[in-house]
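Scroll down for the structure; my scribbles are underneath it.
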Amino acid sequence: MRNTVLACALLLSGPAAAACTAPAPPPVAERPEKPPLPQKPACLDAKGGCPGWEAYTYNDQIKAYNVQAQAFRPLAEAYLKKLNAYVKAANDYAQCEVKTLQ
């Protein structure tokens, strides 16, 4: 009988007695930096357009940017997953704190 009362007391006080652990956000140092877009030459918007060499140079810069952007995307997605996990953990922490007040 005494063991039953003790077991019931432990079950009833379990969640309220549990310590809530505050989550830690992902380190800002892990946040990937988006590659900068190459500067568009002024002649691109001009009526006559750009001389061939300038257009080719800009096109090469855009191709290089696209390669950098492709490398950036999985890093950004991984960081976003960490941020979403942090948001979920923060919500769980808040719910735990609410339960301790009840």
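Values quoted throughout were computed directly from the atomic coordinates according to the rules given, and no laboratory measurement underlies them. These numbers come from a predicted model, not from an experiment. Using ideal geometry, Cβ is built from the backbone for each residue, glycine included, and neighbour counts are taken over all protein chains shown.
What the table shows:
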read-out: Set of lysines near Lys40 by C-alpha distance (under 17 Å), chain-local residues within fewer than 8 positions excluded; value: Lys63
read-out: Mean Cβ count within 10 Å, highest first, over the residues of peptides 42-49, 59-66; value: 59-66, 42-49
read-out: Spin-label zone in the stretch 28-67 - amide nitrogen under 12 Å from a point set 7 Å from the Cα of Arg73 along the C-beta vector; value: 66-67
read-out: Aspartates and glutamates whose Cα lies under 16 Å from that of Lys34, excluding same-chain neighbours fewer than 8 positions away; value: Glu77
read-out: Reachable aspartates and glutamates, given that their alpha-carbon falls under 14 Å from the alpha-carbon of Lys81 and they are not under 8 places away in the same chain; value: Glu30
read-out: Equivalent ellipsoid semi-axes - Cα gyration tensor, the stretch 23-69, angstrom; value: 36, 11, 5
read-out: Burial ordering of Leu101, Leu75, Leu37, fewest other beta-carbon atoms within 10 Å first; value: Leu101, Leu37, Leu75
